[in-house]
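Asks: Below you'll find the structure I mean.
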Amino acid sequence: MKVEDSLPMKKFHWDVSQIEFAINEKALSIEYKKNKLQGLLYGYYVGAFLTTTPYNVGCLCSLKNAYDALVSDLSSFLGKTQKKEALECVKIAKECLANEIGKVESIIANSHHALSIASNEIEIEKERAARISNKYVNQVREQNLLLNWINTVLLKDNWGKHINSIKSTLADELTDEAIKVWEDDWETSEIRAFLNDLRHHLAGEAFHQEWDNGLLSSLAAFLVNGDDWEEMLLFMQKKGIYDYRLAFALWGTFVGFADMPRTFTDYLFDQERKYIGDYYDFIYKQIHGRHIQRNITEQPKPKKSMQETIWEIWNNMPPKFKKEKNLEEGLTKSLPAIDLNSFLNKLSKQTNWGKRTNRWKFFNEKLKQPDMFSNG
């Protein structure tokens, strides 16, 4: 007989329903708000980095509208003619417009510059936005409304991560806050007409308001395209908006820093080491109320330049990613580029180099490795 057979066996049943877990709801709420306020700061500063000039956006809008008009009329035109010369002219016109669009996009990408930390356009106090100083929100009532929208509405923890499914409800709450701020002047105010028109637009109706860089247009862009920051940027460019601080501040507050995509935050993380250190300290001080301890030392630059690294990645890229035609030509057209994001954006617009292709993702992954190349 085995020894263990002679021992009495007891079975234990754990009733986990009787176990109480202590959850600090207040601490969780504070951390949740800090994440959203960090999203507000990142959204505002990346929005400032992406901001361009009215001339650049005007050129881009005109070219894209011409390209869209040409493409929309193309099918009917081709159905009426089979002349080789006419077809070739249309093809050349499309290529010319596409090239000009690419040039303007490159100019915009290469003209980006980071907003100085010393500008101090946002202040956070006690898990709330205390002040936002922006030239497009220069009236006291508008400033109060912006802060109310952030602190009272967008900092709530019940919105989820996707705006499309709750945008109408969110728009209603934002409108309620505007009614409280405008008080007796609400019925005859321009903001009432804008917000009501926007709510109808979110329900599928036409939108009749003018677009600008102000608070209301920024809110509208966020509510219409807030599930995809790149689509939101393209949408604003198409509407002639060229300052993106307010729009991405609202978007960043809703999304929160933890759920921001790398394609967005990399615009700041790709800056020089000194700026990143100063910026991170600024964010930390705003959110936590104290400076961080840091010791930034200059690191030796790698020997290879960005272009040398790009060609090395190309040479070492798996053969299965090189099967399509014109790949090397597209790579060459994307160089020279002033920075990494500019190169990747230009590359994604080349034939067979879209952002969804494995070859573009391969380049993106390799180039985003820290200290991959020097700035020379």
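The values are calculated or read from the model by the stated rules, or taken from the named source; none is laboratory data. These numbers were taken from a predicted model, which means no experiment stands behind them. When we count neighbours, we look across all protein chains shown, and the Cβ atoms used for this are built from the backbone with ideal geometry, even at glycine. Remember, those area values only see protein heavy atoms, side chains included, never the ligands or the DNA or RNA. Shrake-Rupley method; radii C 1.70, N 1.55, O 1.52, S 1.80 Å.
Asks: Just the accessible area for His208, please: 1.4 Å probe, Å², rounded to the nearest 10?
Replies: 140 Å²
Asks: Let me ask something additional. Please calculate how many Å² of accessible area region 87-158 carries per residue, with a 1.4 Å probe and no DNA, RNA or ligand atoms counted.
Replies: Details: 3970 Å² over 72 residues.
Per-residue value: 55 Å².
Asks: In addition: For region 150-251, which GluC sites (Glu not before Pro) are both in a DSSP coil and crowded by at most 11 other Cβ atoms within 10 Å?
Replies: Glu205, Glu210
Asks: Given Cα pairs under 8 Å that are at least 6 residues apart, what percent is the relative contact order of region 73-222?
Replies: Over region 73-222, the number comes to 16 percent.
Asks: For Glu308, Glu365, write out the residues from largest to smallest accessible area, computed with a 1.4 angstrom probe and no ligands counted.
Replies: The residues order as Glu365, Glu308, largest area first.
Asks: For labels at Glu123 and Glu328 in the simple 7 Å Cα→Cβ model, what's the distance in nm?
Replies: Here the modelled spin labels are 6.0 nm apart.
Asks: Something else now. Enter the accessible area per residue of region 314-362 (Å², integer; probe 1.4 Å; all protein chains in place).
Replies: Spelled out: the 1.4 Å probe surface of region 314-362, per residue, equals 59 Å².
Asks: From largest accessible area down, sort Arg131, Arg262, Arg356; use a 1.4 Å probe on the protein chains.
Replies: Arg356, Arg262, Arg131
Asks: Any idea of Asp176's accessible area? Nearest 10 Å², probe 1.4 Å.
Replies: Spelled out: Asp176, probe radius 1.4 Å, area about 80 Å².
Asks: Pairs to check: Lys64/Lys322; Lys238/Lys361; Lys64/Lys161; Lys34/Lys366; Lys325/Lys346; Lys33/Lys361. Give those whose C-alpha atoms are more than 24 Å from each other in this structure.
Replies: Table pairs above 24 Å Cα-Cα are Lys64/Lys322; Lys238/Lys361; Lys64/Lys161; Lys34/Lys366; Lys33/Lys361.
Asks: Can you work out ³J(HN,Hα) from phi for every residue in region 118-133, in order, using Karplus 6.51 cos²θ - 1.76 cosθ + 1.60 and θ = phi - 60°, giving whole Hz and x for Gly and Pro?
Replies: So the Karplus estimates, Gly and Pro as x, are 5, 5, 6, 7, 10, 10, 10, 9, 6, 6, 9, 6, 9, 7, 10, 9 Hz.
Asks: With a 1.4 Å probe and every protein chain left in place, tell me how much accessible area Ser168 has, in Å² to the nearest 10.
Replies: 60 Å²
Asks: I've got another one for you. Using amide H atoms built in the peptide plane, which far-off residues or other-chain residues are under 5 Å from Ile122 H to H?
Replies: Ser133
Asks: Moving on to the next point. In terms of solvent-accessible area of protein heavy atoms at a 1.4 angstrom probe, what is the ranking of Cys89, Cys61, highest value first?
Replies: Cys89, Cys61
Asks: Carbon and sulfur: what percent of region 173-271's accessible surface (1.4 Å probe)?
Replies: Its accessible area is 44 percent carbon and sulfur atoms.
Asks: What accessible area per residue, rounded to a whole number of Å², is obtained for region 215-277 using a probe radius of 1.4 Å?
Replies: Values: 2130 Å² over 63 residues.
Accessible area per residue, region 215-277: 34 Å².
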